[in-house]
Amino acid sequence: MMKTFFPILCLTVAFLSNGCGAVTDPIPNSPAPVWNVEQYYLPLKNIGASITYCRKTQTTIDTIKMTMQGNDDSGLMLGNQYCYTTDLSKTNSRLFDYYFTMNDSEAYTLGKLSCGQTDKYWLDLKAPLTVGQTWSFSNSNGSYYVTNTYTAKVTRRGVTMKMPDGKVYDDVAEIIYASKSGDTTVKWFAKGTGLIYSTSKNPDSDFGKEMRIVNQ
Amino acid sequence: MTSVIEDRIIEYFEGSLNDADSAELLHRVSVSPEIRDLFHQHEKLRETAHSAMNSAVISPSLEASIFAKVEAMASAKSRKKAVMVFSRQSAVVAALAIMLISGSLGYFVPKYISDNKLAQVAALTQQSPSQLLSTLGKPITNNLTSLIPSTTSTSIEKTGSAVIHSRRATSSQSDNQLSQVHNLSSASTQDVAVGNNLMSKNIAATEGSTTELISSNPALMPKTSQVSDLGGNRRSLQDLRYSDEQTASTFEVGIQTSSGFTYPASATTISPFADQRLSLGYHLTENNVVGLRVGSGLYQQLSEMSPTNDGGVVYMSRHIETKRNFNEELFYTHLFPISLGAPFLLEFTVDGGIIPNGYNIGLECGVRIPMNEHFMFDAAFALSRIHTNSLSTEQIVSSTQVTKPVVFESVDMQNTLNGRLHYGLLYRF
């Protein structure tokens, strides 16, 4: 009897020692909801940090450098402690300051006016950041006469994105912003980096038809 | 003198007599009519007791099934080991198994054995000793009557599937004395009424035809070169049913279907009859089978990485999907004959094979239930690890050359688990 059971026992042990854990691979879990969206947004608090983007508009291709300047003084005076300013510049020329607001639950673009007023309000991220999460916001895109309502939706979380320069970003969130006017903007935010890529059908977007991170 | 020669005869039938003494005994049987008569009386008594019990309990279909099983346990290769496999001990075990199968007899026979009295035979047959002896033929009656000892010492020995009832006599006894023994013992065997009925039926069936029964069954015929001792070392259960030229089945073919589950990615319900497989096995020995299986089944495997271009981005996605694939595998099965009311076999199998773009290894545990000499119902629960040969997401990302941003959406699950309940038929040939 032992002569029989022993080989079977060995085979069973071998089979199991191949790894109880290795019998199957772990179940791929859906990424957990993110409640602090700051980690997926621009490093606005990191004064002096800069990100370089390659921007394509309808007619031109240029490189924009965004340098973080921290909390905006005027914003603080107004009591908006979450307003941050960045310096946008092209090669050999300074463009303008660009303003953002960011807290744990929301991160949005104010535009180039100031912390006190916005001409291109754009709610980039809203907690919880999880696939299927949606939110809406109104955007005038600098116009006094037209306001579009955008619906944003998180369509992917935790995916990997590889750029043409070979740089790979893990844990990327994809958000699609769509309006009834026909504009569809898609932005990809990488954890720890912020905006890494965006596409837009809006010809008047400050970020052009396409903007892609090229250096950090 | 009579007791000594009778002791020899009894020892001969028990298989405990050595070859020299056996030869001497057979010689004396051949030259002495008295000894020959005594020899034949014992032989017929043993055969009658055996056949009575045997056919009283086992229905023809069950008997066929059992002997098919027994036959299956002696392959051509293992036949050389038949002496070992079907040794006295094995035969006893097999006999016990048969008794268990037979249910009621399995209950009655131990009592029958333990009481150790000739009268129990009469009680079981619900006949008087005279009637019982008359069923064995007049010469036996006369002889046994004359051989009943004053202090009755009856031994009933069970070896193999036979119950051997032998009697040692030192002096003559009358029919009345035998009746007394019968009356005493019949009172203690009232609780074996069912067995009595069965035995009665059998005795009735064999009454007056003992000689015919014995002569019609070669296995029961005494041979000079082979002791017709059911409990001896030289006879097996198989020999009771099949002649030596009977060939054993060494191949088996099976067809099975299955249902079950897949872990962890059960995207699709594995409905009944989802999988099918055909197996061809070869019995290395009676209880060890190797073979080849081909099947069609549902497997959870990684899909190919498929790119889709959406505007300025390329999406590369890969996920677990349910695929129907063919597989070919080798298996090794070890069988454990078991008898719990009916004969069946436990089977333990290890297998491994290939599937498109992967492989599977598994363990199975199941049962085989003989339906007749050739067919068996087979059911087994199998756990198989399904492995898909594929690159990890990291490897794919690093090896992919991109000209525009690429979004990789992929899971790394190369290994899944299939749980299946396979059920079907096996045919041995």
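The values are calculated or read from the model by the stated rules, or taken from the named source; none is laboratory data. Since this is a predicted model, take the numbers as computed values, not measurements. When we count neighbours, we look across all protein chains shown, and the Cβ atoms used for this are built from the backbone with ideal geometry, even at glycine.
Condition check: of a type in the set (Asp, Glu) and touching a residue at least 40 places away in the same chain (Cβ under 8 Å). Does residue B:328 satisfy that?
Here the answer is no, as residue B:328 does not meet what is asked.
A quick yes/no check of all residues on (1) touching a residue at least 60 places away in the same chain (Cβ under 8 Å); (2) more than 26 Å from residue A:180 (Cα to Cα):
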residue: A:98; (1), (2): yes, yes
residue: A:102; (1), (2): yes, yes
residue: A:114; (1), (2): no, yes
residue: A:124; (1), (2): yes, no
residue: A:129; (1), (2): yes, no
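Looking at the range A:170-183, is at least one residue in contact (Cβ under 8 Å) with a residue 60 or more places away in the chain and either in a loop (DSSP other than H, G, I, E, B) or among the small types (Gly, Ala, Ser) (or both)?
Step one: list which residues in the range A:170-183 are in contact (Cβ under 8 Å) with a residue 60 or more places away in the chain, which gives A:171, A:173.
Retained after the next criterion (residues that are either in a loop (DSSP other than H, G, I, E, B) or among the small types (Gly, Ala, Ser) (or both)): A:173.
Looking through the range A:170-183, at least one residue is in contact (Cβ under 8 Å) with a residue 60 or more places away in the chain and either in a loop (DSSP other than H, G, I, E, B) or among the small types (Gly, Ala, Ser) (or both).
Could you list, in sequence order, all residues of the range A:48-66 that are assigned to a loop (DSSP other than H, G, I, E, B) and touching a Ser or Thr at 6+ places or on another chain (Cβ under 9 Å)? Please lay out each step first, then the result.
Taking the range A:48-66 first, the residues assigned to a loop (DSSP other than H, G, I, E, B) are A:48-49, A:57-60.
Scanning the range A:48-66 gives A:48, A:49, A:57.
Quick one: what pairs do we get from the range A:192-203, first residue within 13 Å of another protein chain (Cβ to nearest Cβ) and over 14 Å from residue A:214 (Cβ atoms), second of a type in the set (Gly, Ala, Ser) and part of a loop (DSSP other than H, G, I, E, B), C-beta under 6 Å, 6+ apart or different chains?
Close Cβ pairs (under 6 Å, with a partner that is of a type in the set (Gly, Ala, Ser) and part of a loop (DSSP other than H, G, I, E, B)) amount to A:199/B:311; A:199/B:312.
As an exercise: evaluate residue B:355 against (1) within 14 Å of another protein chain (Cβ to nearest Cβ); (2) over 25 Å from the mean Cα position of the chain (by Cα) and give the number of the one condition it does not meet.
The failed condition is (1).
Give the number of residues within the range B:338-352 that are of a type outside the set (A, V, I, L, M, F, W, C), in contact with an Asp or Glu (Cβ under 9 Å, 6 or more places away or on another chain) and crowded, with 19+ Cβ neighbours inside 10 Å.
From the range B:338-352, those of a type outside the set (A, V, I, L, M, F, W, C) are B:339, B:341, B:343, B:347, B:349, B:351-352; that's our starting set.
Okay, now just the ones that are also in contact with an Asp or Glu (Cβ under 9 Å, 6 or more places away or on another chain), so B:347, B:349, B:351-352.
Still in the list and also crowded, with 19+ Cβ neighbours inside 10 Å: B:347, B:349, B:351.
Counting residues in the range B:338-352 that are of a type outside the set (A, V, I, L, M, F, W, C), in contact with an Asp or Glu (Cβ under 9 Å, 6 or more places away or on another chain) and crowded, with 19+ Cβ neighbours inside 10 Å gives 3.
Please count how many residues of the range B:308-332 are more than 12 Å from chain A (Cβ to nearest Cβ) and more than 51 Å from the chain's Cα centre (by Cα).
Total satisfying the criteria: 2.
Which ones in the range B:250-277 are at pLDDT 80 or above, β-branched (Val, Ile, Thr) and not in a strand (DSSP E or B)?
The one that is at pLDDT 80 or above, β-branched (Val, Ile, Thr) and not in a strand (DSSP E or B): B:250.
Take residue B:390 and tell me if it is touching a residue at least 60 places away in the same chain (Cβ under 8 Å), crowded, with 20+ Cβ neighbours inside 10 Å, within 14 Å of chain A (Cβ to nearest Cβ) and touching a helix residue (DSSP H, G or I) at 6+ places or on another chain (Cβ under 6 Å).
Details: touching a residue at least 60 places away in the same chain (Cβ under 8 Å): yes; crowded, with 20+ Cβ neighbours inside 10 Å: yes; within 14 Å of chain A (Cβ to nearest Cβ): yes; touching a helix residue (DSSP H, G or I) at 6+ places or on another chain (Cβ under 6 Å): no.
Criteria not met by residue B:390.
Any idea how many residues of the range A:165-184 are farther than 17 Å from residue B:310 by Cβ and within 11 Å of chain B (Cβ to nearest Cβ)?
Of the residues in that region, 6 qualify.
If a residue must be of a type in the set (Val, Ile, Thr) and part of a loop (DSSP other than H, G, I, E, B), how many such residues does the range A:184-205 contain?
So in the range A:184-205, the residues of a type in the set (Val, Ile, Thr) come out as A:184-186, A:193, A:196, A:199.
Now restrict to residues that are part of a loop (DSSP other than H, G, I, E, B): A:193.
Qualifying residue count, the range A:184-205: 1.
Looking at this structure, is residue B:428 touching a His at 6+ places or on another chain (Cβ under 6 Å) and closer than 24 Å to residue B:250 by Cβ?
Values: touching a His at 6+ places or on another chain (Cβ under 6 Å): yes; closer than 24 Å to residue B:250 by Cβ: yes.
Yes.
State yes or no: is residue A:187 in contact with a Leu (Cβ under 9 Å, 6 or more places away or on another chain), within 12 Å of another protein chain (Cβ to nearest Cβ) and either crowded, with 18+ Cβ neighbours inside 10 Å or closer than 23 Å to residue B:307 by Cα (or both)? Break it down stepwise before answering.
Numbers: in contact with a Leu (Cβ under 9 Å, 6 or more places away or on another chain): yes; within 12 Å of another protein chain (Cβ to nearest Cβ): yes; either crowded, with 18+ Cβ neighbours inside 10 Å or closer than 23 Å to residue B:307 by Cα (or both): yes.
Spelling it out, residue A:187 is indeed in contact with a Leu (Cβ under 9 Å, 6 or more places away or on another chain), within 12 Å of another protein chain (Cβ to nearest Cβ) and either crowded, with 18+ Cβ neighbours inside 10 Å or closer than 23 Å to residue B:307 by Cα (or both).
Given the structure, is residue B:402 of a type outside the set (S, T, N, Q), assigned to a helix (DSSP H, G or I) and surrounded by 15 or more Cβ atoms within 10 Å (Cβ to Cβ)?
Details: of a type outside the set (S, T, N, Q): yes; assigned to a helix (DSSP H, G or I): no; surrounded by 15 or more Cβ atoms within 10 Å (Cβ to Cβ): yes.
So residue B:402 fails the test.
Mind telling me which of the residues B:350, B:314 ends up being among the β-branched types (Val, Ile, Thr) and out of contact with any helix residue (DSSP H, G or I) (no Cβ under 7 Å at 6 or more places or on another chain)? First the steps, then the outcome.
Working: B:350 fails: out of contact with any helix residue (DSSP H, G or I) (no Cβ under 7 Å at 6 or more places or on another chain).
Sole residue among the options that is among the β-branched types (Val, Ile, Thr) and out of contact with any helix residue (DSSP H, G or I) (no Cβ under 7 Å at 6 or more places or on another chain): B:314.
Scan the range B:311-343 for residues that are in a strand (DSSP E or B), farther than 30 Å from residue A:164 by Cβ and hydrophobic (A, V, I, L, M, F, W, C) and report the count.
6
Take the residues of the range B:409-427 that are surrounded by fewer than 21 Cβ atoms within 10 Å (Cβ to Cβ), assigned to a strand (DSSP E or B) and of a type in the set (A, V, I, L, M): which is farthest from the other protein chains (Cβ to nearest Cβ)?
Taking the candidates together, the pick is B:425.
Does residue B:369 qualify as being surrounded by 15 or more Cβ atoms within 10 Å (Cβ to Cβ), within 11 Å of chain A (Cβ to nearest Cβ) and under 36 Å from the mean Cα position of the chain (by Cα)?
Working: surrounded by 15 or more Cβ atoms within 10 Å (Cβ to Cβ): yes; within 11 Å of chain A (Cβ to nearest Cβ): no; under 36 Å from the mean Cα position of the chain (by Cα): yes.
Spelling it out, it is not the case that residue B:369 is surrounded by 15 or more Cβ atoms within 10 Å (Cβ to Cβ), within 11 Å of chain A (Cβ to nearest Cβ) and under 36 Å from the mean Cα position of the chain (by Cα).
It is to be established whether one or more residues within the range A:24-44 are closer than 30 Å to residue B:392 by Cα, outside any loop (DSSP other than H, G, I, E, B), modelled with pLDDT under 85 and within 14 Å of another protein chain (Cβ to nearest Cβ).
Looking through the range A:24-44, none of the residues is closer than 30 Å to residue B:392 by Cα, outside any loop (DSSP other than H, G, I, E, B), modelled with pLDDT under 85 and within 14 Å of another protein chain (Cβ to nearest Cβ).
Can you work out which of the residues in the range B:372-387 that are within 13 Å of chain A (Cβ to nearest Cβ) and within 16 Å of residue B:276 (Cα to Cα) is farthest from the chain's Cα centre (by Cα)? Steps first, answer last, please.
Going through the range B:372-387, the residues within 13 Å of chain A (Cβ to nearest Cβ) turn out to be B:382-387.
Keeping just the survivors that are within 16 Å of residue B:276 (Cα to Cα) gives B:382-384.
On the way: B:382: 24, B:383: 27, B:384: 29 Å.
Per the stated criteria, the residue is B:384.
Just a yes or no: is a residue in the range A:194-213 of a type in the set (Val, Ile, Thr) and farther than 22 Å from residue A:60 by Cα? So that I can check it myself, show each step before the final result.
Going through the range A:194-213, the residues of a type in the set (Val, Ile, Thr) turn out to be A:196, A:199, A:213.
If we keep only those that are farther than 22 Å from residue A:60 by Cα as well, we get none.
Taking every residue of the range A:194-213 in turn, none turns out to be of a type in the set (Val, Ile, Thr) and farther than 22 Å from residue A:60 by Cα.
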